[in-house]
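Contents: one structure, followed by commentary.
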Amino acid sequence: MTYCVGLYLKDGLVMLSDTRTNAGVDHISTFSKMHVFEVPGERMVTLMTAGNLAISQSVITLLQQGVELDGEHHTILTVPSLFQAAQLVGVAIRHVWKRDGGPLREQRVDFDVSILVGGQIRERQMRLFQVYSAGNFIEATPDTAFFQIGDHKYGKPILDRALTYETSIEDGVKLVLISMDSTVRSNLSVGLPLDLLVYRRDALRTEQRRRISEDDACFKQISEGWSTALREAFRALPHPQWP
């Protein structure tokens with residue numbers, strides 16, 4: 001299992017993923033689920049993956065090698081827009097399905113993959129998409145300013161309550177870290193280290209890219225501070241007074 005979250009904000013993108021992959025409680029590995037394709041000044045495209053690791057790695061490899069889109073051979077570094085980047089991801093997913101879907105069914109393994117695609121290409125708008133296992137996708141909007149893939153149920157409440165399109169990038173970073181901390185505490189299949197990326201609209205280069213480990217002072221401060229704030233808020237609530 002995994003957890004990835006991407007914020008689509010007025011001022012930019014905030015993207016965070018865990019790195020834990022497990023095939024049982026005694027078989028835990030670390031794999032980065034964030035893939036950054038950047039040509040500073042020309043494009044910055046980030047993909048985060050969830051689901052079957054073998055499928056997602058095959059998709060990423062195809063995106064690097066190139067697949068056919070609208071009659072032309074493209075890689076993630078040559079598509080002219082983020083919309084076409086999302087289309088290319090969908091094409092790559094369907095290509096892997098055609099090759100591996102049958103053998104996976106024979107082994108009773110679900111074809112499970114989902115990918116967040118965010119970024120900006122020069123002279124184009126910043127965009128964020130969520131691509132599904134069928135290769136179709138949806139786009140984030142000011143009304144729906146975040147996407148989650150993987151085990152998102154523990155990290156969703158804080159985003160539902162606190163996040164809006166107008167949220168600052170700095171507050172967005174705090175929110176995704178709290179969202180991830182809530183997930184890590186409640187789900188053993190999601191774990192550190194974490195990969196964080198911050199992109200400011202029209203910059204065409206990453207503003208911050210950071211690997212967050214268990215000894216990261218900033219993450220510890222946010223995690224402990226949030227726990228303390230929740231306990232204090234709980235104690236401050238009045239007891240129910242039923243009529």
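The values are calculated or read from the model by the stated rules, or taken from the named source; none is laboratory data. Here the structure is a predicted model, which means the values were calculated and not measured. So basically every Cβ, Gly included, is an ideal-geometry build from the backbone, and we count neighbours across all protein chains shown.
Below, the figures for the structure above:
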{"read-out": "Residue in segment 31-40 that is among the hydroxyl-bearing types (Ser, Thr, Tyr), part of a strand (DSSP E or B) and within 23 Å of TYR132 (Cβ to Cβ) present", "value": "no"}
{"read-out": "Test: GLN241 is closer than 16 Å to MET15 by Cβ and surrounded by fewer than 14 Cβ atoms within 10 Å (Cβ to Cβ)", "value": "no"}
{"read-out": "Subset of segment 135-190 that is among the hydrophobic types (A, V, I, L, M, F, W, C) and more than 17 Å from the chain's Cα centre (by Cα) - its residue that is surrounded by the most Cβ atoms within 10 Å (Cβ to Cβ)", "value": "ALA162"}
{"read-out": "Candidates ALA85, ALA50, filtered to the one that is buried (at least 22 other Cβ atoms within 10 Å of the Cβ), within 23 Å of GLU207 (Cα to Cα) and not β-branched (Val, Ile, Thr)", "value": "ALA85"}
{"read-out": "Residue within segment 181-189 that is among the acidic types (Asp, Glu), in a helix (DSSP H, G or I), out of contact with any strand residue (DSSP E or B) (no Cβ under 6 Å at 6 or more places or on another chain) and over 25 Å from PHE37 (Cβ atoms) present", "value": "yes"}
{"read-out": "Members of segment 116-134 found to be over 18 Å from TYR199 (Cα atoms) and either among the polar types (S, T, N, Q) or crowded, with 21+ Cβ neighbours inside 10 Å (or both), listed by number", "value": "VAL131, SER133"}
{"read-out": "Condition broken by CYS4, with the remaining ones in (1) surrounded by fewer than 22 Cβ atoms within 10 Å (Cβ to Cβ); (2) closer than 18 Å to PHE137 by Cβ satisfied", "value": "(1)"}
{"read-out": "Matching residues, segment 129-160, being closer than 28 Å to TRP226 by Cα and assigned to a strand (DSSP E or B)", "value": "PHE146, PHE147, GLN148, ILE149, GLY150"}
{"read-out": "Segment 94-115 - residue that is within 25 Å of SER81 (Cβ to Cβ) and among the hydrophobic types (A, V, I, L, M, F, W, C) and, of those, surrounded by the fewest Cβ atoms within 10 Å (Cβ to Cβ)", "value": "TRP97"}
{"read-out": "Restricting segment 41-61 to residues that are at negative phi and assigned to a strand (DSSP E or B), the residue that is nearest to the chain's Cα centre (by Cα)", "value": "MET48"}
{"read-out": "Given (1) in contact (Cβ under 8 Å) with a residue 24 or more places away in the chain; (2) acidic (Asp, Glu); (3) out of contact with any Lys or Arg (no Cβ under 7 Å at 6 or more places or on another chain), number of the condition GLU214 does not satisfy", "value": "(1)"}
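Okay, residues lined up against (1) in a helix (DSSP H, G or I); (2) farther than 23 Å from THR30 by Cα; (3) modelled with pLDDT under 95:
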| residue | (1), (2), (3) |
| --- | --- |
| LEU63 | yes, no, no |
| VAL79 | no, yes, no |
| ALA85 | yes, yes, no |
| VAL91 | yes, yes, no |
| LYS98 | yes, yes, no |
| PRO103 | yes, yes, no |
| PHE111 | no, no, no |
